[in-house]
Amino acid sequence: MTEVVKRMMERYVAPRWIILMFDLSIMGFVFLFTTILITHRGSVINTIIDNFPQLVLSGAIFFVAYYIVKPHYNIIRHTTIQDFVTIIYAQIFGSLGLLLMSIISRAIIPYNQYAILYSVIVVHFFISGFLLIISRLFIRFIYNYLFQNTLKTRKTLIFGAGGLGLMART
C-alpha cells in the first residue's frame, strides 16, 4: 500500500488550484467556526444563514489576497520558513481586507449585513494562520516519513577537500 502511495506522490505534484481551494476551504470553515463561536444566537443553522453574505464576501477577499501573495505556488512537500512568511502575509492582507469591508459596511446603512465583528476578524486571523501552517507541516512530515531513505549510510571524511568537498556533500 505504501509503495503505491510513494509512486503516486513521486509522479504527481498537487496542482496549485487544489492547494488554493484547500486553503480557501480552511478559511471558510474557520470563518464559520469563529462566527458561530462568538455570535452564537439560537441555532447553528440560523447563525450560518444570517452570516452567509459575510462568508461569501470574505471568501472573495481572501481569494484576491491569495491571488496577490500566492502562498499556494510552492510545492508543499518542500515547505520552508519562506512559505510560512507568505502565508502570514496573505493572512494579513485578507484580514485587512475584512477589516476594511467591515468598516465600510458599518458606514453605509444598506450594507450593514456585511459588517463583521472585529473580534471575529482577530480570532479568524490566528486560528486560520495556525491551521494553514500546521497543515503544511503535516504534509511535509508525511512526505518525509514515506520517502525517508532507509539505506544505511556511512559517514566519510575527506581531508583537505575544501569547497569541492562541501559541494560533493550536498
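With the condition kept exactly as written, say whether any residue in region 75-83 is farther than 24 Å from Asp50 by Cβ, modelled with pLDDT under 80 and surrounded by fewer than 17 Cβ atoms within 10 Å (Cβ to Cβ). Break it down stepwise before answering.
Keep residues of region 75-83 that are farther than 24 Å from Asp50 by Cβ, which gives 75-83.
From the residues that got through so far, the ones that are modelled with pLDDT under 80 too are 75-79.
Remaining after also requiring surrounded by fewer than 17 Cβ atoms within 10 Å (Cβ to Cβ): 75, 78.
There is at least one residue in region 75-83 that is farther than 24 Å from Asp50 by Cβ, modelled with pLDDT under 80 and surrounded by fewer than 17 Cβ atoms within 10 Å (Cβ to Cβ).
In region 84-99, how many residues are farther than 18 Å from Phe130 by Cβ, of a type in the set (A, V, I, L, M, F, W, C) and open to solvent by less than 70 Å² (accessible area, probe 1.4 Å)? Even if it seems obvious, please write down each step before you answer.
Residues of region 84-99 farther than 18 Å from Phe130 by Cβ: 96-97, 99.
The next check asks that each one be of a type in the set (A, V, I, L, M, F, W, C); those that pass are 96, 99.
Those still in the list that are open to solvent by less than 70 Å² (accessible area, probe 1.4 Å) too: 99.
Within region 84-99, residues that are farther than 18 Å from Phe130 by Cβ, of a type in the set (A, V, I, L, M, F, W, C) and open to solvent by less than 70 Å² (accessible area, probe 1.4 Å) number 1.
The conditions are (1) of a type outside the set (Asp, Glu); (2) under 30 Å from Phe138 (Cα atoms); (3) in a loop (DSSP other than H, G, I, E, B), and Ile116 fails exactly one of them. Which is it?
It fails just one condition, (2).
For residues that are part of a helix (DSSP H, G or I) and touching a residue at least 12 places away in the same chain (Cβ under 8 Å), scanning just region 69-86, find the one that is nearest to Arg136 (Cα to Cα).
Applying the first criterion (part of a helix (DSSP H, G or I)) to region 69-86 yields 69, 76-78, 81-86.
Still in the running and touching a residue at least 12 places away in the same chain (Cβ under 8 Å): 69, 76-78, 83-84, 86.
Values: Val69: 17, Ile76: 6, Arg77: 8, His78: 9, Asp83: 9, Phe84: 9, Thr86: 12 Å.
The qualifying residue nearest to Arg136 (Cα to Cα) is Ile76.
State yes or no: is Ser102 surrounded by fewer than 17 Cβ atoms within 10 Å (Cβ to Cβ), at pLDDT 80 or above and of a type in the set (S, T, N, Q)? I'd like the intermediate steps shown before the answer.
On the way: surrounded by fewer than 17 Cβ atoms within 10 Å (Cβ to Cβ): no; at pLDDT 80 or above: yes; of a type in the set (S, T, N, Q): yes.
No.
Is there a residue in region 118-125 that is buried (at least 17 other Cβ atoms within 10 Å of the Cβ), touching a residue at least 12 places away in the same chain (Cβ under 8 Å) and out of contact with any helix residue (DSSP H, G or I) (no Cβ under 6 Å at 6 or more places or on another chain)?
Pass one, region 118-125, residues buried (at least 17 other Cβ atoms within 10 Å of the Cβ): 120-121, 123-125.
Those still in the list that are touching a residue at least 12 places away in the same chain (Cβ under 8 Å) too: 120-121, 123-125.
In the following step, the residues that additionally are out of contact with any helix residue (DSSP H, G or I) (no Cβ under 6 Å at 6 or more places or on another chain) were identified as none.
No; the residues of region 118-125 include none that is buried (at least 17 other Cβ atoms within 10 Å of the Cβ), touching a residue at least 12 places away in the same chain (Cβ under 8 Å) and out of contact with any helix residue (DSSP H, G or I) (no Cβ under 6 Å at 6 or more places or on another chain).
Restricting to region 27-68, and then to whatever is touching a Ser or Thr at 6+ places or on another chain (Cβ under 6 Å) and in a helix (DSSP H, G or I), can you tell me which residue is most open to solvent (accessible area, probe 1.4 Å)?
Among those that are touching a Ser or Thr at 6+ places or on another chain (Cβ under 6 Å) and in a helix (DSSP H, G or I), it is Ile38.
The values are calculated or read from the model by the stated rules, or taken from the named source; none is laboratory data. Everything numeric here is computed off the predicted structure, so don't read it as measured data. Counting neighbours? That spans all protein chains shown, and the Cβs are built from the backbone with ideal geometry, glycine included. We work out accessible area using only protein heavy atoms, side chains counted, and drop any ligands, DNA or RNA first. Shrake-Rupley method; radii C 1.70, N 1.55, O 1.52, S 1.80 Å.
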